[in-house]
Amino acid sequence: MTQAPEMGSLHDLDEHRAAKEAATPPMNLDKPDPASAEAVPAESAPVGEAVDRADNPLADWLTVPDAPVLPVWARSRASVVANVTALGRLTWWHTRYHGIRTPKYLMKAVLLAARGFFRACVGLWPTLSAQDHSAAVKALKAQSKARPEDVELATRLQIAHAERTRTRRWRFGAAAIAVAAAATGAALAPLPAQAGIAAAVVAPLAYLGRGKETRLLDQAAPPVRVDMSAQQLNDALRAAGLLKSGGGKDEKDLPKVSCTMGPVRDGRGWAVIFDLPRGGGKTASDVLAKREVIAQELGVDEIQVIMSRVRAAKGGNAGRVSMWVADDDPYLGTPNPSPLEKAERFSIWEPVPFGQDARGTRVAIPVMWQSMFFGGLPRRGKTFSQRLLTAAGLLDAYVRHYVADGKGGADWMPMKAVAHRLVMGAEDDAIEALKAMLAELLAEMERRFALLRDLPTSVCPEGKLTPEIVAKYNLPVIFVTIDELQEYFTAMEREDREQVINDLCRIARRGPAAGFVSNFASQRPDAESVPPKLREIITIRYSTQVVDRTSSDMVLGKGKAAQGADASVLSEEHKGVGVLVTGPASYVTVRADYLDGPTFAALCRKGRTLREAAGQLTGDAAGDVTAAADAAGVTVPPIVSDVLEVMRHSPRMFTTDLLAALVNLDEDTYGDFNAERLATELDTAGVKRTSKQVKISGANGAGYQRRDIEDAVPAEILLSTTAG
């Protein structure tokens, strides 16, 4: 993400001592030999010690400077490419900027040329009219009037008058001939030459007609609006209270940061790595906490300032900060399509491609042995981002999906083609289905742990699932995806809520070792919607825009906003953008890859094909009639498919409940439906009701039975799902 800081050469003391001992013969402690040092051959002494000896008169000027040979921007190919690219972008921007203003510049040049022509005429008139001679004649005339009897003076006056007249005639004539010749040449010349002659005439005249404040070209604002000089950086940190202010001191005496790299151009922004001065009591964490103030002092939005600590593993210390300031908002523009869109297969054991950071660096998330939580405001791309990780599991035939969507909308409905268990909505029957799904997961988790314990260490050395164990013992990775957790928790009774929370905590805490990947999401990650005891055990967190820093900390973890991981700085335009926390001190703002609904549905169909070929199509997906029809290329009327979907957990349903569930599934399609229209549409689709009344929990009412809806599906599809 950042370039390595330039540092002095490091010396290994152990190697140094070993070399020194090897070059020095062992001493006899009983009989020390003062000449033993001189007995050591010069060529056997370490080169550094030979040069640095105090008695070496050449030591001062033979010491090699510990300084880089090349400038900072030329020390790596990436830096050279970044700076050349920035120069090209700047040149192209100026070309477009001034190109569209060419008509304005031409008109402005003509006006300046007209003013220049006037100034030329005014300036040349005394020369053309020989006014200097006229002044001499006027003086002689005045003398002649005073002394009319002076014949010599009269003669001189006549000679001067003749000279003035003759000079004026040839000067005006020469000027007229020059103008006529230029006009004739321009008229007879071809068009390109005429343009050149016009430019040759207009350019000097426009230059003559300019004023002190007149500019022919508009002053263009370059795309690089941040002048990341060391002085500006010091001023910004001083204004943020991170460096001591003047207090009447000379500017040279004020404390300043020392830049170990930059500022240099790095992609579409400026990069710098700096150390805070010692003695000021400020640390890198203090700098991160002042991100908004620093951005204001640099004249940019805080979303453009990316800062992080440089840890000791990368040559850093507690006062070293890496900063990158973007030229503009790096998270706007056309979304990046997900690489999964065109992939044929994917191994869930590999990091999942998730998105790009501000500098265009690809971000991938390792999901094995992890649990994930997604949060944020509605319609900010939270579900789209969550689906990216599930989509990766679709392309691995040895991943078994358990999915629950508390909203019950269309976002997760394509998973019916693949999911071993799929729970849609948060009604009573869906809640019972969710509880049964969690009980099944816990039983499978305990079964796997018992199996892993019995395996020899040569097969299972760490007591965890491995790709070899998955293939040999048919233990596919289990992907548990639950969206809109708050819908389930708010709809449950207290006892059920506590039981479900405990089950989810067990799965998130112990499940990774057994090959369980938890992928949870909620719009309101408060204590009522998602309890802290569940959120706090999640290892990877992602938050789209939230309302404030407190909400950001609820999703990303307590104190993360103070460290710089603050999702509240995102705006409404940042759809699909969020802050990703992958560890106690690791976070990055990511623009998630784009994977829309139709593409996700296509991946679900591809995942079904992969599982059928590998013999891994199980559970609800194996018995789903609409998914089987889609896979077989058989068209099922949409009304039949949607009714089967909302009745997934119910053998029968009242008409009023069925209509409400259909509206929740697709309000645009079913918002105007009533009982009569629903009956008509189903009858047209081939549904034959065996009874118009159903009995549920002892109550009778108008409704539908699931078996009647299934009878409208082609028989071969029903047979294939029954066999599966």
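Of all residues in segment 646-664, count the ones that are touching a helix residue (DSSP H, G or I) at 6+ places or on another chain (Cβ under 6 Å), assigned to a helix (DSSP H, G or I) and either hydrophobic (A, V, I, L, M, F, W, C) or more than 14 Å from Arg677 (Cβ to Cβ) (or both).
Looking only at that region, the number is 4.
For the condition part of a helix (DSSP H, G or I), at pLDDT 65 or above and surrounded by 13 or more Cβ atoms within 10 Å (Cβ to Cβ), what is the one hit in Arg96, Arg89? From the options Arg96, Arg89, the qualifying one is Arg89.
Across segment 583-598, the number of residues qualifying as open to solvent by 40 Å² or more (accessible area, probe 1.4 Å) and of a type outside the set (D, E, K, R) comes to 6.
The C-beta contact set for segment 669-687 (first residue over 19 Å from Val636 (Cβ atoms), second residue open to solvent by less than 40 Å² (accessible area, probe 1.4 Å), distance under 9 angstrom, 6+ apart or interchain) comprises Asn674/Leu659; Ala675/Thr655; Ala675/Leu659. Gly333 - would you say it is part of a loop (DSSP other than H, G, I, E, B) and surrounded by 19 or more Cβ atoms within 10 Å (Cβ to Cβ)? No; evaluated as a whole, the condition is false for this residue.
Conditions (1) hydrophobic (A, V, I, L, M, F, W, C); (2) part of a loop (DSSP other than H, G, I, E, B); (3) surrounded by fewer than 13 Cβ atoms within 10 Å (Cβ to Cβ); (4) modelled with pLDDT under 85, marked per residue:
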| position | (1), (2), (3), (4) |
| --- | --- |
| Val226 | yes, yes, no, yes |
| Leu233 | yes, no, no, no |
| Leu243 | yes, yes, no, no |
| Pro277 | no, yes, no, no |
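Examine segment 343-355 for a residue that is assigned to a strand (DSSP E or B) and open to solvent by 40 Å² or more (accessible area, probe 1.4 Å), and state whether such a residue exists. No: segment 343-355 contains no residue that is assigned to a strand (DSSP E or B) and open to solvent by 40 Å² or more (accessible area, probe 1.4 Å).
This table checks each residue for (1) at pLDDT below 85; (2) under 19 Å from Ala430 (Cα atoms); (3) crowded, with 16+ Cβ neighbours inside 10 Å.
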| position | (1), (2), (3) |
| --- | --- |
| Val643 | no, yes, yes |
| Ser650 | yes, yes, yes |
| Asp657 | no, yes, yes |
| Asp672 | no, no, no |
| Ala679 | no, no, yes |
| Thr690 | no, no, no |
| Gln705 | no, yes, yes |
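Tell me, which helices (runs of 4 or more DSSP H) lie completely within segment 475-582 with 3 or more residues that are open to solvent by less than 10 Å² (accessible area, probe 1.4 Å)? Talk me through it step by step, then tell me what you get.
Numbers: elements: 485-491, 494-510, 532-535, 549-556, 560-563.
In segment 475-582, the matching helices (runs of 4 or more DSSP H) lie at 485-491, 494-510, 549-556.
In summary, Phe479 fulfils each of the numbered conditions (1) modelled with pLDDT under 90; (2) in contact with a strand residue (DSSP E or B) (Cβ under 7 Å, 6 or more places away or on another chain) with the single exception of condition (1). Being surrounded by 15 or more Cβ atoms within 10 Å (Cβ to Cβ), modelled with pLDDT of 90 or more and either farther than 27 Å from Leu395 by Cα or in contact with a Pro (Cβ under 9 Å, 6 or more places away or on another chain) (or both) holds for only one residue in Ala629, Ala601, and it is Ala601. Looking across segment 447-463 at every residue that is assigned to a helix (DSSP H, G or I) and open to solvent by 70 Å² or more (accessible area, probe 1.4 Å), the one that is farthest from Ala514 (Cα to Cα) is identified as Asp454.
The values are calculated or read from the model by the stated rules, or taken from the named source; none is laboratory data. Computed from a predicted model, the values in this text were never measured in an experiment. Here Cβ is always computed from backbone atoms with ideal geometry, including for glycine, and neighbour counts include all displayed protein chains. With ligands, DNA and RNA removed, areas are computed over all heavy atoms of the protein, side chains included. Shrake-Rupley method; radii C 1.70, N 1.55, O 1.52, S 1.80 Å.
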